[in-house]
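The values are calculated or read from the model by the stated rules, or taken from the named source; none is laboratory data. Quick caveat: nothing in here was measured; it's all calculated off a predicted structure. Glycine also receives a Cβ, built like all others from the backbone with ideal geometry; neighbour counts cover every protein chain displayed.
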């Protein structure tokens, strides 16, 4: 929805240009141009068309009364003219911006679009479509439209993935589609103090206690793992782990289903466990984790087909965009762009990443 305002204003200008062109080149209205008129005779024809073409692509779906293609000194004539947009014309506008719309959203877009046409006509009357500022903005709009159209064409191309491509990826990356049923125990690294006790501690005391409790919890984690290896019940072990960390009345479920790709990098090794095996104590920033393998299987090709299609299309899109961007290099005058990019003479794909980092809000930049 945030795109609609800008899209409407851009397309509104283009639509009025089309309408003016069609009136100057032909005495009859074509179905692929906006229908505009400032004469009473033509208004009558439009009204008749609206009455007879009430179904199908030629039916009027937007009528803007008082919006004229040409200025008129006759206020009566100006108030009697109108701009009519057919279903086919409006759907071409929607298709041009590649938006899937529900009926409610389509209606809202139609209101915005019509309002943009009215604003555009007023801007033309004020001469705002003249001058250097307007020309520069149109150049930027052209760049934006063409870059989006290129991405659309590339997207359509990379989506053309054969069954063989999918099958080859599946057989070459079978481990990616492994799915495991695991038991898991979380053990918080630090002891959770009661609220009343925590308020009485100074910063130094709190830090010292945190370090001591982490050492104690680490020993407790190893004890819990030993009990797990000995066949201990994971639900009971998880409850004991929370109790050791000072957590009361916690709800938990130790049974999980995971894919290799969904695990943190330092925990992927659990996918190599055999059924019944228990992992070592794995350290995360805030907790220790212990896993036990219950069962493991691999998704069938048909189950993984759409996922593979998405993976391949994303990879090919990235590769194609990188190839285009790397065909050119970027060099900036750093005395002007202070701190804009980490270095000059880089590939455009690298500069795009640098710009994204600068605008990500990273406080370290």
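Evaluation of residue 239 against the conditions (1) closer than 30 Å to residue 212 by Cα; (2) in contact with a helix residue (DSSP H, G or I) (Cβ under 9 Å, 6 or more places away or on another chain); (3) surrounded by 12 or more Cβ atoms within 10 Å (Cβ to Cβ) shows that the sole unmet condition is (2). Set side by side, the residues 196, 269, 210, 280 differ, and just one is modelled with pLDDT of 90 or more and outside any loop (DSSP other than H, G, I, E, B), which is 269.
Yes or no, residue by residue, for (1) surrounded by fewer than 16 Cβ atoms within 10 Å (Cβ to Cβ); (2) touching a residue at least 12 places away in the same chain (Cβ under 8 Å):
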| site | (1), (2) |
| --- | --- |
| 219 | yes, no |
| 222 | yes, yes |
| 246 | yes, yes |
| 277 | yes, yes |
| 280 | yes, yes |
| 283 | yes, yes |
| 288 | no, yes |
| 291 | no, yes |
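Note on segment 123-149: among residues that are free of Cβ contacts under 8 Å to residues at least 40 places away in the same chain and assigned to a loop (DSSP other than H, G, I, E, B), the one that is nearest to the chain's Cα centre (by Cα) is 128.
Listed conditions (1) closer than 18 Å to residue 216 by Cβ; (2) over 30 Å from the mean Cα position of the chain (by Cα) are all met by residue 284, apart from (2). Annotation note: of 149, 178, the sole residue that is modelled with pLDDT of 90 or more and closer than 30 Å to residue 96 by Cα is 149. The set of residues in segment 166-195 being in contact (Cβ under 8 Å) with a residue 12 or more places away in the chain and farther than 30 Å from residue 291 by Cα consists of 166, 167. Quick check on segment 152-163: of everything there that is part of a helix (DSSP H, G or I) and loosely packed, with under 12 Cβ neighbours inside 10 Å, which residue is modelled with the highest pLDDT? Looking at residues that are part of a helix (DSSP H, G or I) and loosely packed, with under 12 Cβ neighbours inside 10 Å, I get 163.
Rundown of residues vs (1) outside the structural domain of residue 65 (by TED's automatic domain parsing); (2) under 26 Å from the mean Cα position of the chain (by Cα); (3) touching a residue at least 12 places away in the same chain (Cβ under 8 Å); (4) at positive phi, yes/no style:
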{"site": "82", "(1), (2), (3), (4)": "no, no, yes, no"}
{"site": "94", "(1), (2), (3), (4)": "no, yes, yes, no"}
{"site": "100", "(1), (2), (3), (4)": "no, yes, no, no"}
{"site": "117", "(1), (2), (3), (4)": "no, no, yes, no"}
{"site": "121", "(1), (2), (3), (4)": "no, no, yes, no"}
{"site": "151", "(1), (2), (3), (4)": "yes, yes, yes, no"}
{"site": "154", "(1), (2), (3), (4)": "yes, yes, yes, no"}
{"site": "164", "(1), (2), (3), (4)": "yes, no, no, no"}
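In the set (1) in contact with a strand residue (DSSP E or B) (Cβ under 7 Å, 6 or more places away or on another chain); (2) at positive phi, the condition left unmet by residue 281 is number (2). In contact with a helix residue (DSSP H, G or I) (Cβ under 8 Å, 6 or more places away or on another chain) and either modelled with pLDDT under 95 or assigned to a loop (DSSP other than H, G, I, E, B) (or both), is that true of residue 340? Yes; evaluated as a whole, the condition is true for this residue. Tell me, please, whether a residue that is more than 28 Å from the chain's Cα centre (by Cα) and over 26 Å from residue 149 (Cα atoms) can be found in segment 302-312. No. Within segment 303-316, residues that are at pLDDT 95 or above sit with their Cβ atoms under 7 Å from residues that are outside any helix (DSSP H, G or I), at 6+ positions apart or across chains, in these pairs: 309/161; 312/161; 313/159; 313/161. Residues that are in contact with a helix residue (DSSP H, G or I) (Cβ under 7 Å, 6 or more places away or on another chain), part of a loop (DSSP other than H, G, I, E, B) and closer than 12 Å to residue 83 by Cβ were ranked within segment 54-71; the one that is modelled with the lowest pLDDT is 69. Looking across segment 297-320, the residues that are over 18 Å from residue 163 (Cα atoms) and either loosely packed, with under 14 Cβ neighbours inside 10 Å or out of contact with any helix residue (DSSP H, G or I) (no Cβ under 7 Å at 6 or more places or on another chain) (or both) come down to 297, 318, 319.
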